[in-house]
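Taking it in order: structure first as structure tokens, then the write-up.
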Amino acid sequence: IKQMGQALTQEQKSGILPHGMQYLMGKAFHLRTFCMFKEMLFMSEKLRIVVVGGVAAGPKAAARLRRLLPNAEITIVERGNVISYAGCAMPYCIAGDLPDCSHLNRAASGVPRDEAFFRRLKDIEVLTNTEAVAIDRQKKAVRVVNVLTGETRWLPYDKLVLATGGIHITPPLE
């Protein structure tokens, strides 16, 4: 680990590492994180990342990947029409405990976290109303369907993130 750290410091000094990796090299460096991203950092081609799931974990992962890989082409696929909302607060909205639920998908500044937000501020493409229906691991592509129009297409990827969340199960009650 010490040798790798010294070698990376040399690369960092020569300006090879992007800003996100320099951050990792500083106070938050983790060897596991570096090993996971080192291959991607030094790719000459633009890395294509597809994130399936746009509620909480998907946008969070996409934003983190953007910081680590500023040149990557990142796409979020979400079946619904609202993205990046606080799903954990939904029961409180339904119960009426929160007077206004419109803030659940807003940034701290009050700006809605919608497709335009991710495109403008994070350079991330978001496909709402689009369902991932198949993954071809050999071709490294995800087949998506627009749920409104039925249009189907394939999204190629170099790395795939599955952040679809879970489905509740109602246990049998007596």
| said: Condition first: over 19 Å from GLY58 (Cβ atoms), open to solvent by less than 90 Å² (accessible area, probe 1.4 Å), among the small types (Gly, Ala, Ser) and not in a helix (DSSP H, G or I). Now tell me which residues in the stretch 86-130 satisfy that. | reply: GLY96, GLY110
| query | When you scan the stretch 150-163, how many residues do you find that are open to solvent by less than 100 Å² (accessible area, probe 1.4 Å) and assigned to a loop (DSSP other than H, G, I, E, B)? | reply | 4
| For the stretch 131-149, what are the residues that are assigned to a strand (DSSP E or B) and touching a Lys or Arg at 6+ places or on another chain (Cβ under 8 Å)? | GLU131, ALA132, VAL133, ALA134, ILE135, ASP136, ARG143, VAL144
| Just one of the numbered conditions (1) modelled with pLDDT under 75; (2) over 16 Å from the mean Cα position of the chain (by Cα); (3) open to solvent by 20 Å² or more (accessible area, probe 1.4 Å) is not true of PHE37; which one? | (2)
| task | Could you list, in sequence order, all residues of the stretch 60-74 that are surrounded by 20 or more Cβ atoms within 10 Å (Cβ to Cβ) and either under 22 Å from PRO112 (Cβ atoms) or of a type in the set (S, T, N, Q) (or both)? | result | ALA62, LEU65, ILE74
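The values are calculated or read from the model by the stated rules, or taken from the named source; none is laboratory data. What you see is a predicted model; the values in this text were computed from it and never measured. So basically every Cβ, Gly included, is an ideal-geometry build from the backbone, and we count neighbours across all protein chains shown. Just so you know, the surface numbers come from the protein's heavy atoms only, side chains and all, with ligands and any DNA or RNA stripped out. Shrake-Rupley method; radii C 1.70, N 1.55, O 1.52, S 1.80 Å.
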